Amino acid sequence: MVLSARGLTKVFGAFAAVKDVDLDVHHARVHALIGPNGAGKTTVFNLLTKFLQPSAGRITLLGTDITNTAPDKVARMGLVRSFQISAVFPHLTVLDNVRVALQRPNSLATQFWLPMSSLGRLNQRAEELLSAVGLLDARNTMAADLSYGRKRVLEIATTLALDPKVLLLDEPMAGMGQEDIGTVSGIIRNVARERAVLMVEHNLSVVADICHHVTVLQRGEILAEGDYATVSQDPRVRTAYMGTEEA
Amino acid sequence: MTMIFGIPLQAFLGQLLIGLINGSFYALLSLGLAVIFGLLRVINFAHGAQYMLGAFVALLLLQYFGISYWLALVIAPIVVGLVGAVIERTMLSRLYKLDPLYGLLFTFGLALAIEGTFRYLYGAAGQPYSVPAALAGGTNLGFMFLPIYRGWVVVISLVACIGTWLLIEKTKLGSYLRAATENPVLVQAFGVNVPMLLTLTYGLGAGLAAFAGVLAAPVYQVSPLMGTNLIIVVFAVVVVGGMGSIMGAIVTGYMLGIAEGLTKVFYPEASNIVIFVIMAIVLLIRPAGLFGRDA
Amino acid sequence: MKPLLEVRGLNAWYGESHVLHGVDMTVGEGEMITILGRNGVGKTTTLRTIMGIVRERKGQIMFDGRDMMGVPLHRTAHSGIGFVPEERGIFATLTVEENLLLPPVVAGSGMSLDEIYELFPNLLERRSSPGTKLSGGEQQMLAIARILRTGVRLLILDEPTEGLAPVIVQRIGEVLKTLKERGMTVLLVEQNFRFASRVADRFYLMDHGQMVADFPVGELPERMDMLHKVLGV
Amino acid sequence: QSASDGKVKIGILNDQSGVYADFGGKSSVEAAKMAIEDFGGKVLDVPVEIVDADHQNKPDIASNIARQWYDTEQVDSIMELTTSSVALAVQALSKEKKKINMVTGAATTDLTGKQCSPYGFHWAYDTHALAVGTGGALVKQGGDSWFFLTADYAFGYSLEEQTGTFVKSAGGNVVGAVRHPLATNDFSSFLLQAQSSGAKVIGLANAGLDTANAIKQAAEFGITAGGQNLAALLFTLAEVHGLGVEAAQGLTLTEGYYWNLDDQSREFGKRFFERTGKMPNMIHAGTYSAVLQYLKAVEKAGTDETEAVARALHEMPVEDFFARNGTVGANGRMIHDMYLLQVKKPGESSEPWDYFNVLATIPGKEAYIDPAKSGCELVK
Amino acid sequence: MSHTTHTATEVRAERAPTASFTYAAFLLAGLAFLLVAPMFFYPIFLMKLLCFALFACAFNLLLGYTGLLSFGHATFFGGAAYFTAHAVKEWGWTPELGVLLGVAGAAALGLVMGFVAIRRQGIYFAMITLALSQMFFFFCLQAEFTRGEDGIQQVPRGHLFGFIDLNVATNMYYFVLAVFVIGLAVIWRFVNSPFGMILKSIRENEARATSLGYSVAHYKLGAFVMSAALAGLAGGVKSLVFQFATLTDVTWQMSGEVILMTLLGGIGTLIGPIFGAGLVVTLQNYLATSDFPVTIITGVVFMVCVLVFRRGIIGEFYASRLGRRLGFEHRH
Ligand SMILES: Nc1ncnc2c1ncn2[C@@H]1O[C@H](COP(=O)(O)OP(=O)(O)OP(=O)(O)O)[C@@H](O)[C@H]1O
Ligand SMILES: Nc1ncnc2c1ncn2[C@@H]1O[C@H](COP(=O)(O)OP(=O)(O)OP(=O)(O)O)[C@@H](O)[C@H]1O
Ligand SMILES: [Mg+2]
Ligand SMILES: [Mg+2]
């Protein structure tokens, strides 16, 4: 178990967006967090990554209590997230986007006395990552000029660049075309071999396909937990979330 | 005699009142700034110049047309508002799609040009404008002599502040304005004439500044420089209040006016920086400002 | 069927990049049209150009017999077109209800506030909280809901189901059907093929800034091969 | 016996667009032109030329221009030099370049004290003279208890301190002082403190817009009506005009010149008015006097060579409508009579710009620091 | 917080690979010009220009490469001038030590101001720096050692390293030139370094940079202090050139001027601010003897620049056909 939360709660004013949630994310597993809109999934992400401070509860990452740690510190400890609304560096090239992420783990971030060419040694790794997500052809394109879907793919590549121990993906497939969904599913399955992945996703076929464990959230509380087959048969989950749709 | 912090209660009350009077000017000016910033995302560096313009228009109306203070209080803001609207329509509006810094730089240039022109035409020393007869003189409040005109300033600026606040927070027009701040293209796609709205807003903001200017004319020397340094203090007021918030601007204006007034008694040397000091402290504790919405 | 919207030879640019290369399409009164296409082929751009948001454009756009090329953006809605953008466009400084009430009503045929709240109970519950404090899905609902009030005749939706829970997607599908019954014309862009096939009357397939095919829903089975090639479905 | 390069060239360097533009500004250039015309347009049979520049109150711009004038434009002397940072900078440069400068626009006594120059002259007024004039002389008129409103920087302190000294030595006393920041808009707090001090005179140790606002608000709060007198330590006719007699009435101040003093000064005032549309203050008149005296000195020296002209300037008495019984000290200080003036009541003023009653004439010897005690190393 | 507006602060791709040569050639030509310039131009004027150019470049380091518009840079420029002048005049320090003190002082001021200001972004940041620099102005106005409005006058230039007499105009000039070139080199390296890359990414999308593990505040503060120190370098040297330090250099108008210089030359271009500074300094000098009021002109230039000339001289050049043919690239 690499990341765990106990009694996680977040109150906005009088409104409790997350209530007493316990969560365990394990190594080499894809853990899905699903639930109706507004259930509090993004908020849980924000809490885990410390973009929001929990109102109550404790969070442990790799055995360390991070309940009061700053978000950038958490990221450096190996917990990295993607955003629900796409987050790239729009006026850097695709390659640079990935290299920026590579700089930190390679201790090439604070050297203001080194030339830019010193970043050249990151190129190989960056290109590997880009080709893994099928963006190699766009390496010199400005990220702003990518279409929405390709921006999301780029974001995943950047996230992977950090070689995180835990990966938090907020709706990685949103807005993606069918073919990209296939690619990205493959990528996620691959990366999860050596790390823990926690993802929010509404695309149930993806969830069914790649997730080992599913937590269903509703109104800030855990409604059901288990593997997809179990969860998807739960009548409460069906009414609250899945409707009559077949996976 | 009752003493507060080593000074007589009476003097203390007097200074409190004076602080409130200055606060009225801060509130009016920071309100205008907040309106323009809130809706156009433009830091209106020309606000001080527009305040000065208001005073000058009143003065010139009197000199050339014999128009009295009371009429000037209406006409000058309209004139300056119109000038503002024209500037917005012809120039400022081209900058919205750019970084807000350009708006700041543009209005900075505008301020220099306006102040420079008036200094060139009317000199730096400034000119007198007398208190309207109906408000001349003063009353003895027991603890201090209060010029009636200053009392008037407090009352009328409160009225103006509350009116503006109601307009923006409580009307449909206000919600268009606020939405247009965030995503003008979309609001326009919904069928609202956004460019027109923005022009009106800038006119309103400039008009408010001019209104403060007319109010100030009988109190201060009408000089091209009257807004130059004031504007920086008002910026600080707005930062302390929290930039997005209209109510914040008003309340902070009065509060800081009072804070400054009291400093003038206890430690006058610091009275010009006390607002900046408060600003720094507030930022350290609450980066969004006292009433700011964003964290 | 009388065409409500006719687009001929539409070209559009972002600065120097030429994105639409002569889009042709026709949307009949009361029809529900879905544009399919891969990421980046210009679907969003097509919608934005029709709406008049992208103004570097050439070609012809006729709406209800009226030439829309010269109409300023803020008049487009008044001609009867409503737009729900890809990125939703919820206003943070406005409450949910203010967001709902924001777009001016352009015709009397819109839904009432009560009908809307019935359709989207989440919104009723959070009506007085700031718009962007809603979850992603709630924001999408709000974005659709607020256009329903205005009484436009043509609704343009850019990926309305993105990020929505399956129950909500179903509900939106039902809403769209209801709207269609009321005579509303809908033009939408969708990646969710399953959803699209359930609601649409007719499809346009887009590639490289052009419409490469168009077919009614009935021909879907026989077109699957082509769709598979172009879309990877 | 001639000018070095076929002409004598004078530079007027002052603020023409900034806060001190009314103080001297473009009108001073006009005054200088009048002096040249009055002198006949030529000296030693070569034409006298004039150049002017706006230093924008920036010492580096002033220094650059002065350098260019001296090095490439054959300027022989520079006049006016508003604001002390500029005056000190240009005087230091002139000393290095061995050129003459005559300051009429700056107030600091350092110009003829610690930072004096053998070629530098200080003409119209200085802080000492203002302090003696307003402080000392006013006490003799009965204003024997003082409260100061002081601008919170070196200029204000030195005015306050010097004035206080003369108030005391004349038998008065200082009951208090309050320091206000530069560029304060609202003086009411300070005025209330001054009012409650009960002092007979409120001394305004500040300048420009600050003084004007303080005076205006004093009237508003009924301070002058309550029997207290205002005394402005640096205020001239130009500012009184800006403020209006209504607000300024009863104010006392010191200037080295007033146009409506006698026939001689009236004659200049009228001529100046015709050319500029305003009556001259002591800076305008001082610049006129400085230019005129410079030309006289060139003539006397028979050359425009700096050492000789400086020697002549030091030796010659100054006698014109501006300076009566003027002499120049070894430190470069031109010592002349000053006037304690009081602003008339609105009804008393008989014609436009007729603003002052002369309360007293302060002899130059009393007004200015004895050169021997000035701290200038040139004085043995 | 993730949406960044980019136009103002966009880092221009300074050179495409093909431009390297042209660029180097330009730089060499520029340097050669500066080496012989004192033969044709007024040395003091050139020195002033170099000081302001360095100041503008230092300012641009912050605006152009981190997107932070400081409206308080006069504090560092003028503050350093005071420190250097005081050390050299009152304590008898050698000029190089005096300048170093100025740099250190400016960096320290930068640390304090930056600490408060970087808590906000964009225009808030601008306003906070403005207010803080106004505080510093009042400090300088009232502090004993600055001598109020007289300023510190007659600062001796002294001997560089104890033996190069800076009173000799050419010595002084080459000293200033050397400082300028070093300053520029530092900026160039700083911007085009791994650190610079992170700065860019922060400016592009702050939340994303945080989520990648970069502590945004530290990077910004680092850039702020660096910019302040370099502005201090320019200010310290200037006080030796003119031999005085006065209040003019700490006023907010000075902060405005350096913005104008940068804007005029081209925000985010390395050499643009140099041209901008040259133009402003020349213009002020020229306008001093014309009948036009300087403030009006400055104001109008500002407005025109913002409205129609945003890329600035160098930016426009890069974007022009000639510039592109020479291989420069310019995005707008
Ligand atoms: N800062 C905030 N202040 C107040 N309420 C908030 C805030 N952030 C989120 N909420 C509320 O908390 C609830 C949970 O939001 P969250 O974004 O976590 O939902 P979600 O599960 O991610 O939904 P979706 O699938 O639609 O993205 C929502 O009802 C939202 O309105
Ligand atoms: N603002 C812009 N500036 C420049 N190019 C743009 C801009 N917006 C989109 N593009 C480009 O135009 C092309 C079409 O984009 P568009 O957003 O219309 O695609 P799309 O079909 O909607 O894709 P998606 O399914 O990812 O939303 C893409 O190549 C994109 O990179
Ligand atoms: Mg979410
Ligand atoms: Mg799209």
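The values are calculated or read from the model by the stated rules, or taken from the named source; none is laboratory data. The structure presented is a predicted model; accordingly, all values stated were derived computationally and were not measured. Because the Cβ atoms are built from the backbone with ideal geometry, glycine has one as well, and the counts that use them run over all protein chains shown. Surface accessibility is based on the protein's heavy atoms, side chains included, excluding ligands, DNA and RNA. Shrake-Rupley method; radii C 1.70, N 1.55, O 1.52, S 1.80 Å.
How big is the gap, in Å, between the Cα center of the range E:26-76 and the Cα center of the range B:136-198? Using only Cα atoms, the two centres lie 45 Å from each other. Amide H contacts of residue C:211: C:24, each under 5 Å away and 5 or more positions distant or on a separate chain (H built 1.01 Å from N in the peptide plane; Pro and chain starts excluded). Rolling a 1.4 Å probe over the protein heavy atoms of chain B, with every protein chain left in place, gives an accessible area that is 73 percent carbon and sulfur.
Averaging 1/r over every pair of different alpha carbons in the protein assembly as shown and inverting the result gives a Kirkwood radius of 35.4 Å.
Amide H contacts under 5 Å for residue A:168: A:80, A:81, A:82, A:198, restricted to partners 5 or more places along the chain or on a different chain, H placed in the peptide plane at 1.01 Å from N. Chain E against chain D buries an accessible area of about 2800 Å², both chains summed, 1.4 Å probe radius. Kindly express, to the nearest 10 degrees and within the range 0 to 90, the angle between helix A:123-132's C-alpha long axis and the longest C-alpha principal axis of chain A. For A:123-132 against chain A, the angle is about 40 degrees. Against the empirical 2.2 N^0.38 Å (N residues), the range C:3-231 has a Cα radius of gyration ratio of 0.98. Build a GNM of chain E with springs between Cα atoms under 10 Å apart, and of E:219, E:42, E:318 the one that fluctuates most is E:42.
Of the DSSP beta bridges with both residues in chain D, give the percent that are antiparallel, rounding to the nearest 5. Of those bridges, close to 30 percent are antiparallel.
Proximity of backbone amide H atoms, modeled 1.01 Å from N, is registered between residue E:150 and no other residue at under 5 Å, excluding neighbours fewer than 5 places apart on the same chain. Peptides A:159-166, A:97-104, ordered by how many other C-beta atoms sit within 10 Å of their residues on average, highest first, read A:97-104, A:159-166.
Using the Cα coordinates of chain D, the gyration tensor eigenvalues translate into equivalent-ellipsoid semi-axes of 35, 21, 19 Å, sorted from longest to shortest.
Of the solvent-accessible surface of the range E:37-251, computed with a 1.4 Å probe and all protein chains present, 71% belongs to carbon and sulfur. Listed by chain and number, the lysines whose C-alpha is less than 30 Å from the C-alpha of residue A:50, apart from same-chain residues fewer than 8 away, are A:10, A:19, A:41, A:73, A:151, A:165, C:133, E:200, E:220. Does the range B:1-131 classify as rounded, prolate or oblate by the C-alpha gyration tensor (a ≥ b ≥ c root eigenvalues; a/c under 1.5 gives rounded; else a/b over b/c gives prolate, otherwise oblate)? Oblate, because a/c is 1.5 or more while a/b does not exceed b/c.
Ligands, DNA and RNA left out, the accessible area of the range D:18-58 computed with a 1.4 Å probe is 50% carbon and sulfur. If you run the Gaussian network model on chain B, springs between alpha carbon atoms under 10 Å, then out of B:224, B:184, B:147 the most flexible one is B:147. Packing, as the average of other Cβ atoms within 10 Å across residues, places the peptides B:227-239, E:27-39, E:66-78 in the order E:66-78, B:227-239, E:27-39, highest first. The calculated 222 nm mean residue ellipticity attributable to helices in the protein assembly as shown amounts to -16000 deg cm²/dmol, summing -39500 (n - 2.57) over DSSP H runs of n ≥ 4 and dividing by all residues. On association of chains A and C, roughly 2000 Å² of accessible area becomes buried (total for both chains; probe 1.4 Å). Chains B and D together bury some 2600 Å² of accessible area, summed over both sides, with a 1.4 Å probe.
For residue D:140, project a label point 7 Å along Cα to C-beta. Then give me every residue of the range D:166-182 with its amide nitrogen under 15 Å of that point. Under cut-off, by backbone N: D:166-172. Our coupling estimate for the range A:214-227, obtained by passing each phi through the Karplus curve with A = 6.51, B = -1.76, C = 1.60 and θ = phi - 60°, is 10, 10, 9, 10, 9, 6, x, 10, 6, 9, 7, 8, x, 7 Hz, Gly and Pro reported as x.
Of all beta bridges that DSSP places with both ends in the protein assembly as shown, some 50 percent have antiparallel geometry. Going Cα to Cα from residue C:180, which lysines come in below 30 Å? Please leave out same-chain ones fewer than 8 positions away. Within the straight-line cut-off, residue C:180 pairs with C:2, C:43.
From the Kirkwood radius over Cα pairs of the range E:37-251, Stokes-Einstein at 37 °C and 0.692 mPa s returns a whole-number translational diffusion coefficient of 188 µm²/s. Per residue of C:97-109, other chain Cβ atoms within 10 Å of the residue Cβ number 3 on average.
Partner shielding of E:243-255 amounts to 5, given as the average count of beta-carbon atoms from other chains within 10 Å of each residue beta-carbon.
Taking a quarter of the surface of the Cα convex hull of the range D:190-346 gives a mean projected area of 11.0 nm². Name the most mobile residue of D:280, D:181, D:118, meaning the one with the largest mean-square fluctuation, in a Gaussian network model of chain D with Cα contacts below 10 Å. Looking only at D:280, D:181, D:118, the largest GNM fluctuation is found for D:181.
If the segment from residue A:144 to residue A:230 were pulled out straight at 0.36 nm per residue, it would be longer than the present Cα-Cα gap by 26.8 nm.
Shielding of peptide A:35-44 by partners, expressed as the average count of other chain Cβ atoms within 10 Å per residue Cβ, is 5. Annotation: peptides D:225-234, B:152-161, ranked by per-residue average of other Cβ atoms within 10 Å with the highest first, follow the order D:225-234, B:152-161.
Protein heavy-atom accessible surface, 1.4 Å probe, per residue over the protein assembly as shown: 33 Å².
Specify whether the C-alpha gyration tensor of the range D:126-251 places it in the rounded, prolate or oblate class, a ≥ b ≥ c being the square roots of the eigenvalues: rounded for a/c under 1.5, otherwise prolate if a/b is larger than b/c and oblate if not. It is rounded, given that a/c, with a ≥ b ≥ c, falls under 1.5.
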